[in-house]
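Colleague: Questions regarding the structure given below will be posed in turn.
The values are calculated or read from the model by the stated rules, or taken from the named source; none is laboratory data. All values derive from a computational prediction rather than experimental measurement. As a convention, Cβ positions derive from the backbone with ideal geometry for all residues, glycine included, and neighbour counts pool all protein chains shown.
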Amino acid sequence: MKNLVIVLVAVGLMASCTSSKEASSSKTQTKNLEVAVVKQAVEARRYVIKMRKIISQSGTSADLIPDNNFFIMNGEFASVSLPYMGRSFSIRPISGINFNGRTLEYKMQGDQEKGVYKIDVEVEANGTRFDFYLNIGSSGTCSLSVINAHIESVTYYGDLVPLSQMKGTEPQPKDRI
């Protein structure tokens with residue numbers, strides 16, 4: 001009877017070790033898949049960064065609603081919808097940065113060891129130039145700083161989503177008449 005108890009305990013321990021190894025392996029595979037998806041989106045220039053926090057140059061911060069505050073990079077086009085808080089250097093106060101523009105310059109540096117991409121994007125919209133400085137981690141977490149001649153620099157924090165995973169980005173069949 002004593003031997004039976006020892007055998008049952010040993011079998012239970014082996015089973016728990018096996019399941020923990022499988023769970024660890026599954027987590028590693030999921031992380032590797034996330035890294036590959038982020039890498040592909042960044043290198044293809046097809047991603048959305050959903051912003052969750054803004055920090056002004058004075059240090060004031062606010063939480064944001066990610067679905068309403070974003071930076072979209074789609075090839076050579078950029079769409080921006082971001083709130084703004086800070087000083088503006090024009091007659092009218094600025095409360096938001098909203099435009100669709102074309103990239104004039106796009107510089108990307110990847111550091112495989114650290115798992116970070118550093119991207120400098122210059123975007124022109126309606127005769128105004130904006131400089132965006134992005135740091136994107138391999139897990140998809142991001143920081144984005146905006147510089148423009150009419151506003152103080154401001155920094156946002158958010159998460160990268162590949163453009164292919166966004167709803168409504170698939171080509172729709174044309175309506176037939």
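Colleague: Six or more apart or on different chains, Cβ atoms under 6 Å: show the pairs whose first residue is in the range 40-56 and surrounded by 16 or more Cβ atoms within 10 Å (Cβ to Cβ) and whose second is of a type in the set (Phe, Trp, Tyr).
Modeller: Final answer for the pair search is Ala41/Tyr47; Val42/Tyr117; Val48/Phe70; Ile49/Phe71; Lys50/Phe70; Met51/Tyr156; Ile54/Tyr156.
Colleague: Still on this structure, I have one more. What tally of residues in the range 67-108 results from selecting those that are of a type in the set (Phe, Trp, Tyr) and closer than 16 Å to Ile151 by Cβ?
Modeller: The number of residues fulfilling the criteria is 4.
Colleague: Is it true that some residue in the range 82-89 is among the hydrophobic types (A, V, I, L, M, F, W, C), surrounded by 15 or more Cβ atoms within 10 Å (Cβ to Cβ) and under 18 Å from Arg46 (Cα atoms)?
Modeller: no
Colleague: On the basis of being under 18 Å from Asp131 (Cβ atoms) and surrounded by fewer than 13 Cβ atoms within 10 Å (Cβ to Cβ), does Glu76 make the cut?
Modeller: yes
Colleague: Taking Asp131 and the conditions (1) over 22 Å from Lys39 (Cβ atoms); (2) under 18 Å from the mean Cα position of the chain (by Cα); (3) not in a strand (DSSP E or B), which numbered condition does it fall short on, given that it satisfies the others?
Modeller: (3)
Colleague: Something else about it: Select from the range 137-155 the residues that are modelled with pLDDT of 95 or more and touching a Leu at 6+ places or on another chain (Cβ under 6 Å) and write down the one among them that is surrounded by the fewest Cβ atoms within 10 Å (Cβ to Cβ).
Modeller: The selected residue is Leu144.
Colleague: Another question, if that's okay. Enumerate the strands (runs of 3 or more DSSP E) found wholly within the range 33-79, keeping only those where 2 or more residues are under 24 Å from Gln112 (Cα atoms) and within 12 Å of the chain's Cα centre (by Cα).
Modeller: Counting at least 2 such residues, we get 46-56, 70-74.
Colleague: Being touching a Phe, Trp or Tyr at 6+ places or on another chain (Cβ under 7 Å), in a strand (DSSP E or B) and of a type in the set (A, V, I, L, M) is the filter; apply it to the range 80-118 and report the residue that is farthest from Glu34 (Cα to Cα).
Modeller: Filtering the range 80-118 for residues that are touching a Phe, Trp or Tyr at 6+ places or on another chain (Cβ under 7 Å), in a strand (DSSP E or B) and of a type in the set (A, V, I, L, M), the one farthest from Glu34 (Cα to Cα) comes out as Ile97.
Colleague: Give the range 71-124 a look and list any residue that's out of contact with any strand residue (DSSP E or B) (no Cβ under 7 Å at 6 or more places or on another chain) and of a type in the set (A, V, I, L, M), or say none.
Modeller: Once the filter is applied, which keeps residues that are out of contact with any strand residue (DSSP E or B) (no Cβ under 7 Å at 6 or more places or on another chain) and of a type in the set (A, V, I, L, M), the range 71-124 yields only Ile91.
Colleague: Select from the range 57-70 the residues that are in contact with a strand residue (DSSP E or B) (Cβ under 7 Å, 6 or more places away or on another chain), aliphatic (A, V, I, L, M) and under 28 Å from Ala44 (Cβ atoms) and list them in ascending order.
Modeller: Leu64
Colleague: Residue check, Met73 against (1) at pLDDT below 95; (2) within 22 Å of Leu33 (Cα to Cα); (3) among the aliphatic types (A, V, I, L, M), all met but one. Which one?
Modeller: (1)
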